[in-house]
């Protein structure tokens with residue numbers, strides 16, 4: 001039986017929500033009059049899901065969500081929104097709420113929304129348990145030149161290495177940063193042949209409203225538009241290995257590969273290469289300069305690595 005906590009300073013609204021959830025369902029319901037009272041109850045007994053009003057004294061719904069994301073990030077939150085609180089609801093959803101139900105629609109939507117979010121939460125917990133037993137994850141992706149795909153890929157990798165207990169939070173973030181930089185480098189510098197100076201000028205030109213974007217032009221022009229980025233990823237509890245290859249002309253990797261000075265790497269390849277070499281244990285390039293392989297080992301230190 002799932003345990004639900006309803007939080008609302010309105011006695012009437014709180015009673016209505018609790019009655020809807022407790023009637024004809026396999027849910028046990030507890031109530032609190034504001035966010036502070038809810039946190040006290042949560043410390044004693046962690047609920048499976050929280051349904052909260054937004055506008056309350058002491059600690060409102062938005063403040064409660066922020067506290068929960070820090071202290072109890074796996075507990076999903078559903079908002080009950082009154083008319084006129086749409087902007088707050090959007091802010092709360094961006095802060096981490098799972099869903100919302102207008103108070104005018106509680107009788108028709110609250111129970112279904114709670115059951116939907118609970119089912120998704122259980123599926124996520126099951127995935128965490130399954131991923132915790134994962135000994136090897138290997139996958140290959142062929143990406144175009146849409147940088148919007150980078151964040152979902154990096155997020156998926158970070159979730160997997162977290163579930164595999166590969167490293168601590170700081171290292172997980174650093175691995176994500178290094179992978180993101182490698183992908184950005186492959187798309188911009190490799191496939192589109194747009195250097196860091198060109199990117200800065202492109203942004204400045206767009207801000208001035210002065211002409212079309214170089215990046216967007218390249219995405220629609222041959223040969224740039226037809227180039228792909230190949231990504232190979234291998235994850236184990238002991239090692240994370242990433243290979244990123246673009247279809248651009250490559251670059252002379254000799255100055256970068258041999259440089260022991262981070263400043264020299266910045267001059268030759270940009271800050272992204274410094275981050276990759278600092279956060280990873282190994283960074284190596286193919287002879288053509290259009291493929292990079294990065295390796296991070298379990299429990300390894302962090303510091304600048306003069307890789308080949």
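Starting from residues that are surrounded by 13 or more Cβ atoms within 10 Å (Cβ to Cβ) and within 18 Å of the chain's Cα centre (by Cα), keep the ones in the range 129-151 and report whichever is modelled with the lowest pLDDT. The residue in question is 131. Just name the residue that is surrounded by the fewest Cβ atoms within 10 Å (Cβ to Cβ) out of those in the range 173-204 that are in contact with a strand residue (DSSP E or B) (Cβ under 9 Å, 6 or more places away or on another chain) and within 27 Å of residue 226 (Cβ to Cβ). Among residues in the range 173-204 that are in contact with a strand residue (DSSP E or B) (Cβ under 9 Å, 6 or more places away or on another chain) and within 27 Å of residue 226 (Cβ to Cβ), the one surrounded by the fewest Cβ atoms within 10 Å (Cβ to Cβ) is 185. For residue 97, the requirement of being assigned to a helix (DSSP H, G or I) and assigned by TED's automatic domain parsing to the domain that holds residue 115 is not met. Scanning the range 97-114 for residues that are touching a residue at least 12 places away in the same chain (Cβ under 8 Å) and either touching a strand residue (DSSP E or B) at 6+ places or on another chain (Cβ under 6 Å) or buried (at least 16 other Cβ atoms within 10 Å of the Cβ) (or both) yields a total of 12. Selection within the range 1-36: residues that are in contact (Cβ under 8 Å) with a residue 60 or more places away in the chain and crowded, with 20+ Cβ neighbours inside 10 Å. The member of this set that is farthest from residue 112 (Cα to Cα) is 8.
One residue stands out in the range 152-172 among those that are farther than 13 Å from residue 240 by Cα, free of Cβ contacts under 8 Å to residues at least 24 places away in the same chain and within 12 Å of the chain's Cα centre (by Cα): the one that is surrounded by the fewest Cβ atoms within 10 Å (Cβ to Cβ), namely 152. Among the residues of the range 37-62, those identified as touching a residue at least 40 places away in the same chain (Cβ under 8 Å) and outside any loop (DSSP other than H, G, I, E, B) are 49, 50, 51, 52, 53, 61.
Within the range 21-60, being out of contact with any helix residue (DSSP H, G or I) (no Cβ under 6 Å at 6 or more places or on another chain) and on the phi > 0 side of the Ramachandran plot holds for one residue alone: 24.
For the range 145-165, the set of residues classified as out of contact with any helix residue (DSSP H, G or I) (no Cβ under 6 Å at 6 or more places or on another chain) and not in a helix (DSSP H, G or I) consists of 146, 164, 165, listed by residue number.
The values are calculated or read from the model by the stated rules, or taken from the named source; none is laboratory data. Quick caveat, the model's predicted, so the values are computed rather than measured. Cβ atoms come from the backbone with ideal geometry, glycine included; neighbour counts cover every protein chain shown.
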